[in-house]
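These notes concern the structure reproduced below.
The values are calculated or read from the model by the stated rules, or taken from the named source; none is laboratory data. Quick caveat, the model's predicted, so the values are computed rather than measured. Methodologically, a virtual Cβ is constructed for each residue, glycine included, from the backbone with ideal geometry; neighbour enumeration extends over all protein chains shown.
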Amino acid sequence: MEQKLLRHRLASHSDLADLKLLMDAAISENQKPFLTPEQISSSRAFMGLDSQLIEDGTYFVVEIGGVLAGCGGWSRRATLYGGDRTPGRDAALLDPAKDAARIRAMYTHPNFTRRGVGRRIMALCEEAARNEGFRDIELMATLSGEPLYLVCGYQAIERVEDGRGGANVPLIRMRKPLHG
């Protein structure tokens, strides 16, 4: 029943302020069971929205009762993760015949977790990437996001730590084949 309350649409630049608030809440609250306060603070150095996703028309928002509940997107570009301020971003286009599309910048507001928001965004992203000819899709998961991605069929292929914000933050590179 609750699934019917979810509404999705493509994000626009007019959503930026609300998206930043949602992301801040998600980073602050959803990671608490998994990371130390220092790691949460550190993660802000490389988390956040890559506005290229909005420009590319590959970033979704999900609303419940007219309230922004979550956001996330996919990309046909080389950058695996990171926001606008993250160094080392690569806007090169991927080749669907040999490269995996990317799931990017997935966030659910703490007030809306466990309501199907993340699954809806994943399904939208996977369908769009499949429609553009991608055979595989991958992402860089946080510890708080890993359970969702496992349930959605992703498998861990690499565990890394990102210390660009000061404290090392554990991340998991995950991949999934996109079956027709």
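Key figures for this structure:
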{"item": "Checking Cys125 against (1) in contact (Cβ under 8 Å) with a residue 40 or more places away in the chain; (2) farther than 19 Å from Met23 by Cα; (3) not β-branched (Val, Ile, Thr), the condition it does not meet", "result": "(2)"}
{"item": "Residues of the stretch 128-152 that turn out to be farther than 18 Å from Phe60 by Cα and either polar (S, T, N, Q) or touching a Ser or Thr at 6+ places or on another chain (Cβ under 9 Å) (or both), as a count", "result": "2"}
{"item": "Residue in the stretch 142-157 that is crowded, with 20+ Cβ neighbours inside 10 Å, touching a helix residue (DSSP H, G or I) at 6+ places or on another chain (Cβ under 6 Å) and of a type in the set (A, V, I, L, M) present", "result": "no"}
{"item": "Members of the stretch 128-156 that are of a type in the set (Ser, Thr, Tyr) and farther than 20 Å from Leu21 by Cα", "result": "Tyr149, Tyr154"}
{"item": "Every residue from the stretch 30-41 that is out of contact with any Ser or Thr (no Cβ under 9 Å at 6 or more places or on another chain) and surrounded by 14 or more Cβ atoms within 10 Å (Cβ to Cβ)", "result": "Gln39, Ser41"}
{"item": "Selection from the stretch 1-17 of residues that are loosely packed, with under 15 Cβ neighbours inside 10 Å and in a helix (DSSP H, G or I)", "result": "Glu2, Gln3, Lys4, Leu5, His13, Ser14, Leu16, Ala17"}
{"item": "Top-ranked residue in the stretch 29-58 [being at pLDDT 95 or above and in a loop (DSSP other than H, G, I, E, B); ranked as farthest from Thr142 (Cα to Cα)]", "result": "Gly57"}
{"item": "Which listed residue is buried (at least 16 other Cβ atoms within 10 Å of the Cβ) and assigned to a helix (DSSP H, G or I), from Ala129, Ala69", "result": "Ala129"}
{"item": "Residue in the stretch 94-113 that is in a helix (DSSP H, G or I), modelled with pLDDT of 95 or more and surrounded by fewer than 16 Cβ atoms within 10 Å (Cβ to Cβ) present", "result": "yes"}
{"item": "Where Asp99 falls short, out of the listed (1) more than 23 Å from Leu178 (Cα to Cα); (2) of a type in the set (Asp, Glu); (3) out of contact with any helix residue (DSSP H, G or I) (no Cβ under 7 Å at 6 or more places or on another chain)", "result": "(1)"}
